[in-house]
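Have a look at the structure below before the remarks.
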Amino acid sequence: MKIAFLGLGHMGLPMAVNLVKAGHSVLGFDVFPAALEAATRQGVPVADSAEAAAAEAEVVLTMFPSGKHLLEAYRGGLLTAAPAGSLFLDCSTINVDEAREAAGLAVAAGHRAADAPVSGGVVGAEAGSLTFMVGASAEEFAVLQPILDVMGKRAVHCGSNGAGQAAKICNNMLLGISMIGAAEAFVLGEKLGLEHQALYDVISTASGQCWSVTTNCPVPGPVPASPANRDYQPGFAGALMSKDLGLALNAVQSTGVAAELGPLAAAIYARFAAGEGAGRDFSGIITDIRDHSN
Ligand code: NAD
């Protein structure tokens, strides 16, 4: 497949490398010159501009920091540069409303559109083991499946345009809330004289069981691979959790859902990410809870 790959950052570059290795015809572009140099070093051919990369593309894949970047690119000439009927695939994590707006712009310009945000982080991007949450028609999902299979191990068709972003922020809102809950439970256990291992042995086999405890446990010891064992090196950085909870908050507000914990989690992680937490794993929130306890 001929793929324009725009946004060759932490996630985009390893994803593009995997597409090249699988034999796809990739032409990359990034506005940051160092990203272009890194792409060339790693065997990803690059173009002089986003428009040049898209000129013959069947799929125009974007991996940008935010929806603002995506909408600016779509309004700035990218849609007219691509051949009619190209499939615009955005894998960035952005607002649901922005994803739907971007898809509308692509379709109005005579193209097809899909959103497919990912989970799995840089490690998953490098290993080709990402999970994609896809918002697209069944037909577009089928067209994309072969390239999603190269970059990831699982692609879930969540519904029409915007549904991939919706699924991602619902999942991450729950994840943010559950990590705060797990961290509060462990700090309370400490204050009550419980050993971490004892509390873990109970929670991991009882009704409080969740990924935040059994895989990403916020205390060192019980789960040797969790970031707590390496001084909270990410993992999933606090800045990214804060970003995703901000997107969830926007969706809670625009839909009028009576959610209380999601917005509270967004505020807690915004505070965490305003300091050193930005670059630490989001499970490091437990240190904030200890610091604010008597
Ligand atoms: P990044 O900042 O490393 O990469 C984004 C790249 O897009 C940058 O190199 C930037 O120069 C480039 N860019 C911006 N505007 C552009 C334009 N108009 N044309 C071409 N290039 C442009 O970010 P990242 O960590 O790779 O994340 C990308 C997306 O993936 C984000 O939306 C993020 O929320 C999401 N995500 C990241 C992770 C992670 O662990 N890093 C995990 C899951 C999802």
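The values are calculated or read from the model by the stated rules, or taken from the named source; none is laboratory data. The structure presented is a predicted model; accordingly, all values stated were derived computationally and were not measured. Virtual Cβ from ideal backbone geometry, glycine too; neighbours counted across all protein chains shown.
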**OP:** Among the residues of the range 73-89, write down those that are within 9 Å of the ligand (Cβ to nearest atom) and more than 17 Å from ALA35 (Cβ to Cβ).
**Re:** GLY76, LEU78
Original post:
Looking at this structure, is ALA127 surrounded by fewer than 16 Cβ atoms within 10 Å (Cβ to Cβ), of a type in the set (Gly, Ala, Ser) and within 16 Å of the ligand (Cβ to nearest atom)?
Top reply: yes
Original post:
In the range 1-31, which residues are of a type outside the set (A, V, I, L, M), in a loop (DSSP other than H, G, I, E, B) and within 9 Å of the ligand (Cβ to nearest atom)?
Top reply: GLY7, GLY9, HIS10, ASP30
Original post:
Do the conditions hold for ALA155, that is, is it over 29 Å from SER25 (Cβ atoms), touching a residue at least 12 places away in the same chain (Cβ under 8 Å) and of a type in the set (Gly, Ala, Ser)?
Top reply: no
Original post:
Can you spot a residue in the range 93-116 that is near the ligand (Cβ under 8 Å from one of its atoms) and either on the phi > 0 side of the Ramachandran plot or out of contact with any Gly (no Cβ under 6 Å at 6 or more places or on another chain) (or both)?
Top reply: yes
Subject >> Restricting the range 159-181 to residues that are touching an Asp or Glu at 6+ places or on another chain (Cβ under 9 Å) and outside any helix (DSSP H, G or I), the residue that is nearest to SER242 (Cα to Cα) >> reply: GLY162
Original post:
Under 8 Å by Cβ, and 6 or more places apart or on different chains, what pairs join a residue from the range 224-250 that is without any contact (Cβ under 8 Å) to a residue 24 or more places away in the chain with one that is crowded, with 20+ Cβ neighbours inside 10 Å and of a type in the set (Gly, Ala, Ser)?
Top reply: LEU249/GLY262; LEU249/ALA266
Subject >> Lone qualifier among ALA34, ALA57, ALA82, ALA52 - being surrounded by fewer than 23 Cβ atoms within 10 Å (Cβ to Cβ), farther than 30 Å from CYS170 by Cβ and touching a residue at least 12 places away in the same chain (Cβ under 8 Å) >> reply: ALA52
Original post:
Given the range 80-139, what strands (runs of 3 or more DSSP E) lie entirely inside it while holding 1 or more residues that are closer than 15 Å to GLU58 by Cα?
Top reply: 87-90, 112-115
**OP:** Report whether or not THR80 is assigned by TED's automatic domain parsing to the domain that holds ALA57 and farther than 21 Å from LEU19 by Cα.
**Re:** yes
